[in-house]
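Let me begin by presenting the structure, written as structure tokens, before commenting on it.
Read the figures in this text as sums done on the coordinates, not as results from a lab. Everything numeric here is computed off the predicted structure, so don't read it as measured data. A quick note on method: Cβ atoms are made from the backbone with ideal geometry, for glycine too, and the neighbour counts reach across all protein chains shown.
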């Protein structure tokens, strides 16, 4: 009675060891695949950004203005030319 139980335990352990080797081999393949990624270069054009915020007493400010701001992207003006916080998202 004890021998069949012992044999069953041995067979189960052998099956688990065989399965663990397969799991480890599969995990190694996954790690190798994940570390060998290819990088592709995407051509991008340059962006010309000009930001200027003027106060009332700043040197070189536009005449007859007080607190005007400029945000230009590629030569196109995107600002409201008012006072306050200026933000631009690209």
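What does the highest-first list of 63-69, 49-55 look like by mean Cβ count within 10 Å?
Descending mean neighbour count gives 49-55, 63-69.
State the extension gain, in nm to one decimal, for the chain segment bounded by residue 48 and residue 70, taking 0.36 nm per residue of separation less the distance between their alpha-carbons.
Separation in residues times 0.36 nm, less the Cα-Cα distance, equals 6.6 nm.
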